[in-house]
Amino acid sequence: MFVFVFIVGATGLLYRNMPKGFLPSEDSGQLFCFIEAPQDISFDAMVTYQRSVLEILRADPNIEAVTGFMGATSFNPSLNVGRATMTLKPRSQRKTADEVVRGLRPKVSNMMGIKVFIQNVPAIRIGGQLTKSPYQYVVQGASTEELYHWVPIIEEKLKTLPGLLDVSSDLQIAGRKSTSRSTARRLPPRVNPQQIEAALANAYGSRQVSNIYTATNQYWVILELEPRFQRDPAALSMLYVRSSSGALVPLNAVAKLTYGVGPMSVSHLGQLPSVTLSFDLQPGLALSEAIDVIQKAALELQVPATLNTRFTGTAQAFQASLQGMGILLLLSILVIYLVLGILYESFIHPLTILSGLPTAGLGALVTLWAFNFELNMYAFVGIIMLVGIVKKNAIMMIDFAIEAQRKEGKPPSEAIYQACLIASGRS
């Protein structure tokens, strides 16, 4: 009895302290890359940075093809972030995807002026958004001033935590901007804000004004400023606005231009301003351990109660699944006990059958620990299958033992011993 209690206690203790994960990394043959440049970079300079990164990626012997693209998208409204997808060579001609990622990181980590984030594309993406790293930690609050003050502090703290890689955020508040405050309604001739907006759109918005038709094709005519004027904010004072009377009015006569820094975009989650921090894990660190250290770090920083912090995407799904794993296993054992109780019309025989489960569970957890594997969803499914196998073998032995007692009159100890020999194929 003491041995059984010890095994049950050891199994529960090992399960509690076991490093836990969600879905293990898989090799899908594709990698994804983010290239982040300074927030006030020009498009031409961003193209130069992007090409230099793509050259490094294409030179890797494990990569078959690289495709790069730039520009604002629904999940990335910033122009200073480029993206690239990598198709790996056939599995027999290269390393694993995780090994390729670890080999590429040193090659792109020391590039001046940019940050490069490479990640293995997960086979199953659960919720969240496409960020520079696979796991997301969101900070949100009603006040953008408080939010923008605390997020850099939290980000710097996460960068110091052991085991976390590629910590970054989508907070971009250092972009240079030119702000104009219209005084049009107080100055003759009358100029309304829509006319000012039209003048700026003609200058910087790539507006199509006509078509040129040829025998085999057609071409759009795009209205824009010369590139040398597009790069200089001082050129705004040289723009003219056509008033309601048809006269041309200098822009600086109807608007006051000021220069400063401001957010390039304001993200929202649940109708509140938010900032998403993303991170990756070093080999050997389980997701459960990373979540624990991040939560402890947030407590150490004493983040105000007016800011809400939570995990999203894969990390959030892992937290939800972790809460129900133990309950799911206990409920499955309870259902098995009820079914066996009905089958044998006894309360004792089902307990005898189920008494082997703690030993099987302890063996499974010790095996995972010995080979440095985390307890992820696949391993948990394997444990449930192991429960079924152990239960099946125990049912066979109990059936043989009961039959030997009834027909041959053997004592319980000899009957179960004979049943074990028959079940193992040694009789």
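Things worth noting here:
- Its alpha carbons give region 1-78 an Rg and a Dmax of 24.0, 76 Å.
- Chain lengthening between L421 and S244 when straightened (0.36 nm per residue, less Cα-Cα): 53.5 nm
- Three principal axis extents describe the C-alpha atoms of the chain; from largest down they are 116, 52, 43 Å.
- Nitroxide proxy distance, nm - points 7 Å out along Cα→Cβ at T160 and I56: 2.7 nm
- At the residue level, S92 shows approximately 110 square angstrom of accessible surface with a 1.4 angstrom probe and all protein chains present.
- Put the Cα centre of region 43-109 next to the Cα centre of region 343-390 and the gap is 44 Å.
- Solvent exposure of region 279-366 as accessible area per residue, Å², 1.4 Å probe: 54 Å²
- Under 26 Å from K89, Cα to Cα: lysines that are on another chain or at least 8 residues apart: K107, K115, K132
- Listed by chain and number, the lysines whose C-alpha is less than 27 Å from the C-alpha of K407, apart from same-chain residues fewer than 8 away, are K391, K392.
- Take the Kirkwood radius over Cα pairs of region 1-141, plug it into Stokes-Einstein at 25 °C and 0.890 mPa s, and you get 139 µm²/s for translational diffusion.
- Between 0 and 90°, nearest 10: helix 357-370 axis offset from the chain longest Cα axis: 50 degrees
- The simple Förster model, with R0 at 56 Å and r as the Cβ-Cβ distance, assigns L269 and N393 a FRET efficiency of 0.65.
- The angle between the Cα long axis of helix 2-17 and the main principal axis of the chain comes to about 10°, on a 0 to 90 degree scale.
- Candidates L104, L351, L281: whichever shows maximal mean-square fluctuation once the chain is modelled as a Gaussian network with Cα springs under 10 Å: L351
- Placing M46, M112 in order of accessible area, with the largest value first and a 1.4 Å probe, yields M112, M46.
- Taking the C-alpha atoms only, the angle from helix 193-204 to the longest principal axis of the chain is near 80 degrees.
- When the residues T276, T367 are ordered by accessible surface, computed with a 1.4 Å probe over the protein chains alone, the sequence from largest down reads T367, T276.
- Listed by chain and number, the lysines placed with their C-alpha closer than 30 angstrom to that of K256 are K177; residues fewer than eight positions away on the same chain are left out.
The values are calculated or read from the model by the stated rules, or taken from the named source; none is laboratory data. Nothing here was measured: the structure is a model prediction, and the numbers come from that model. Ideal geometry is used to build each Cβ from the backbone, glycine not excepted, and the neighbour counts take in all protein chains shown. To get the accessible areas, we keep the full protein, side chains included, count just its heavy atoms, and leave off ligands, DNA and RNA. Shrake-Rupley method; radii C 1.70, N 1.55, O 1.52, S 1.80 Å.
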